[in-house]
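K.L.:
Supplied in C-alpha cells, the structure appears directly below.
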C-alpha cells in the first residue's frame, strides 16, 4: 500500500486506524454533549429567546397554586406594559403604563342577549371545540364546564395547567410578557385526551382578546385577506350573517373539494374566489385609545384558521382570534360507487406546538400601517429575511406553446418562440427599455400543461433546447432576468401515467383539481417526494446547461394533508417537505415564486403575483396594503397581470401606492389562437397591442421606484379628499389622488387620478 508514494507498514496502519477511531469517537461525544447542552439551554425557564417553548418537564416541576389565588393579579410588567391575570377563567388584561389603555381577553358583563354556551365562550380565555362520537358541535369552556386550573408564576408571566374534567381533556398554557410582545404557547406534549370517544376538535386561543361591543370603541380588525382588509368596529346593525373564517395558507384540499368561484356567495358572502392567506397574521386596533396588537401565529399555522366576526354575527361583539384544528370529521365512502358513506374522525390528532405572538402598538403606531411596520421588523429580526430589492424591472412574461384538440391528436399552438422573444426585446430596447424580468411559460416539450416537467427539453415549436439556451445566455449578457416556469406539484393524467405517485384525500379518494377547460379537464397532485424527484432532475439538467433561474408555482402556494399507499401525511409534513425542497433549490438557483407563503419568503428572490386587492367579502370595509407595506424594500414585488385589469389607470396608481412592479403576459401571436386550449382565459396578450402600455408603465414607474429605492414605507394615510399619502424612511412622500378633481396636499397640487413624488416637510 502506498500513500503519497511512501510505503506504510501494516502494524503502523493498524495503529493509525485505532487512533482515527478514537478521534472520531471523541468528536462524536463532543457533538452529542453540545447538542444536549443546547437542548438543556432551550428548556431553561430563563430562556432569552422567547420564540422557543420551555421544556415541559421544567414546567411540570414548578410550584403551582390554586387559580382562585389569581384575581386581576399583576403577574408581569416592563417599562411599557403590565400583564394581569384572573386565574379562574384564564382571563388576561394588558395595560399600557404610559397611556392607561387596556386590552382585555374576556367579556366581564355580557348584554344578556346570549345563551349560556355563548356566555361561557366570551368569558373564557380558552375554549375547545369537542368531538363527541361523530358530532363536532359541542363546546367546552371555563365557565359552564367542570374544570381544574393550577397556575405557577414564571419569569415575566405564568404557566397554567387546565383540565376539563368532564371531557378528560387537559393542556398547558404558557404566557410571557417581553418588551412589546406577549407570547402565548401551548406545548403539544401537554395536550391530553383521556376518555374514549371524546376528542378535541379545535382550540380557540383567547378568542375575545381586544374585543369591543357594537360601536362603543372606534377602530377596526385587520384580516389577512389578499393584501389586507379592515373590518370596522362600527355598529353593523345586524346586516351580516357571517364573518371571516379562513385557513392560514389556504384550504386543505385533503379534506375539501375544489368548487367553482360562483358557489362561494352563500358561505363566504363574496362575489369572487377567496384569496389564500399568505401570512399568518391578524390584528386589532382601538383608534381612540391608541392601542392595538398584531397577532402572529408562530407555531401551528399549518393547521390554524383566522376567525374574525363583526358585531351582529351570533353576538354583538367584535372579535378576532386564531383557531387551531386538532381533529376534523370527514365522510368516508364505503364503496367505489359512493352509494354508502360513513362519518369518521381523524385517527390521530395534529401534533404541533401552538404559539402566538401578540405585538402591541400604541400612540401614532396604533393603525394598520403601524401593524405592517411591526410585521416588517419581525420578518427582519425574527424570520431572518434580508433585503433583496435592487433596481427596477418590468415583468414581461411570455407564453411559448399550448395544445388544442385536433382530430384524434392534440395539435401544437405556437404563441411565442425564442426568436420572437428576441425580436420583442429588441423593439423594447429601441424604446429605451432593457430593465426586464421574464418568466417563460410553456417552454417545455409538450407545451404549458405537459406536466410534470422531467428534464430540460424545450419544445421544438419554440426553437428547441439549443435555441432556448442561447436566448437565456443572451439575456444574461443584456441584464435581463430570464426565468423558466416550473410547476413541480401537478401532473396531467391525460399525458402521463398517474397510477402511482399521486396524492389522495384523507378519505382515500383520488384528489382531482378541475380546470373547467376544454382540452385538459383536470390535474392531479404529485406526492412531495415525487415532486422533489422531478425537481432535482430538472435542476441537474439546467445546471449542466449553465441555467440557474427558476420561477416556481404549485409548491409555493398550496399546502395540504393527503394519503398515499395507505399512510396519512399531515399539512405539517407537506410543509416540511416543501420548505426543504425550496430551501435546497435556493442554494443553487435564483427563485421567483408565485404568491409564496410566508415561510418561503426568505428563499425567494422575487415575489410574483402580489395581490393588489382582496376577495371582496361583503363584510370588508376597507382594503389596505398591509403586505406591501411590510415587504416593500425587502423583496421585489410584482403584480398580477395588467392585461386583465378592467380599470388600468386605477391599477397603475395602486402599484405606485404599494411599491409593486407591473407584470404583463405577452404573446407574439394573437390570443384568439388560444380559444380551444386550456389557456382560453387569456383573451388579450398580443405584444403589438401592449407595446406602448408596457413602455408607459416602465417609464413612469421607474422614476417613482428610483425615488424610493431601498427605502421602507413608514406610514400610509388616506385623506377624506381621496388622496393617499405614502411616506418612506428616506424622506420621500408619494401623493396619489384617486378623486376626479385636482387636490392640493402639503402645498402640492395633484391632478385627478394622478400622483406626485415629493419630500417630507
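Nothing in this text is a laboratory measurement; each read-out follows from the coordinates by a stated rule. Computed from a predicted structure; not experimentally measured. So basically every Cβ, Gly included, is an ideal-geometry build from the backbone, and we count neighbours across all protein chains shown.
K.L.:
How many percent of all Cα-Cα pairs in the range 348-470 sit more than 22 Å apart? Don't skip to the end; give the middle numbers.
P.N.:
Values: 4637 of 7503 pairs.
Summing the P(r) tail past 22 Å for the range 348-470 gives 62 percent.
K.L.:
Show me 410-419, 725-734 ranked by packing, highest mean number of other Cβ atoms within 10 Å first.
P.N.:
The most tightly packed comes first, giving 410-419, 725-734.
K.L.:
Bin width 10 Å, alpha-carbon pairs only: give the P(r) of the range 174-243 as whole percents, running from 0 to the bin holding the largest distance.
P.N.:
Distribution as computed: 13, 30, 31, 22, 4 percent.
K.L.:
Which FRET efficiency value, to the nearest 0.05, is calculated for residue 383 and residue 406 with the Förster distance at 45 angstrom and r the Cβ-Cβ distance?
P.N.:
It comes to 0.35.
K.L.:
Sorted by packing (mean other beta-carbon atoms within 10 Å per residue), highest first, where do 660-671, 128-139, 199-210 land?
P.N.:
Most protected by this proxy first, the peptides run 199-210, 660-671, 128-139.
K.L.:
Moving to a separate point now. Calculate the length of the line joining the C-alpha centroid of the range 131-160 to that of the range 727-761, in whole Å.
P.N.:
Using only Cα atoms, the two centres lie 52 Å from each other.
K.L.:
Find the eigenvalues of the gyration tensor of the Cα atoms of the range 56-381, then list the square roots of 5 times those eigenvalues as equivalent ellipsoid semi-axes, largest first, in whole angstrom.
P.N.:
Ellipsoid half-lengths, sorted descending, are 30, 26, 19 Å.
K.L.:
Limiting things to C-alpha atoms, what are the Rg and the maximum Cα-Cα separation (Dmax) for the chain, in angstroms?
P.N.:
Rg, Dmax (Cα atoms, Å): 28.4, 95.
K.L.:
Sticking with this structure for a sec: Going highest first, how would you order 516-524, 175-183 by mean Cβ packing within 10 Å?
P.N.:
Going from most to least packed, we get 175-183, 516-524.
K.L.:
Something else about it: With both partners inside the range 526-617, how many of the DSSP beta bridges are antiparallel, as a percent to the nearest 5?
P.N.:
The answer is about 30 percent antiparallel.
K.L.:
Three principal axis extents, largest first, for the C-alpha atoms of the range 522-598, in Å?
P.N.:
40, 26, 26
K.L.:
How do 486, 716 rank when sorted from fewest to most other Cβ atoms within 10 Å of their own Cβ?
P.N.:
716, 486
K.L.:
Which order results if 394, 714 are arranged by neighbouring Cβ count within 10 Å, fewest first? Can you show the working numbers first?
P.N.:
Working: 394 24, 714 17.
Ascending number of Cβ neighbours within 10 Å: 714, 394.
K.L.:
Label residue 717 and residue 587 with points 7 Å out from Cα along Cα→Cβ: what is the distance between them in nm?
P.N.:
Roughly 4.9 nm, to one decimal.
K.L.:
Could you line up 443, 601, 406 from fewest to most neighbouring Cβ atoms inside 10 Å?
P.N.:
Exposure proxy ranking, most exposed first: 406, 601, 443.
K.L.:
Still on this structure: When the distances between all Cα atoms of the range 518-662 are binned every 10 Å from zero, what whole-number percent does each bin get?
P.N.:
10, 32, 32, 22, 5, 0
K.L.:
Relative contact order of the range 56-381: what whole-number percent is it, with Cα pairs under 8 angstrom and at least 6 residues apart?
P.N.:
That works out to 16 percent.
K.L.:
In whole angstrom, note down how far apart the Cα centers of the range 51-99 and the range 525-564 are.
P.N.:
First find each Cα centre; the distance between them is then 46 Å.
K.L.:
Report relative contact order for the chain in percent, whole number only (criteria: Cα-Cα under 8 Å, sequence separation at least 6). Mind dumping the intermediate values first?
P.N.:
Numbers: 1667 pairs, mean separation 78.5, N = 761.
Computed value for the chain: 10 percent relative contact order.
K.L.:
Give the percent of DSSP beta bridges with both residues in the chain that are antiparallel, rounded to the nearest 5.
P.N.:
85
K.L.:
Please give the Cα centre distance for the range 201-259 versus the range 370-387, rounded to the nearest Å.
P.N.:
Taking the Cα centre of the range 370-387 as reference, the centre of the range 201-259 is 23 Å away.
K.L.:
Can you give the calculated 222 nm mean residue ellipticity of the chain, where each DSSP H run of n ≥ 4 adds -39,500 (n - 2.57) and the sum is split over every residue, rounded to the nearest 500 deg cm²/dmol?
P.N.:
About -7000 deg cm²/dmol.
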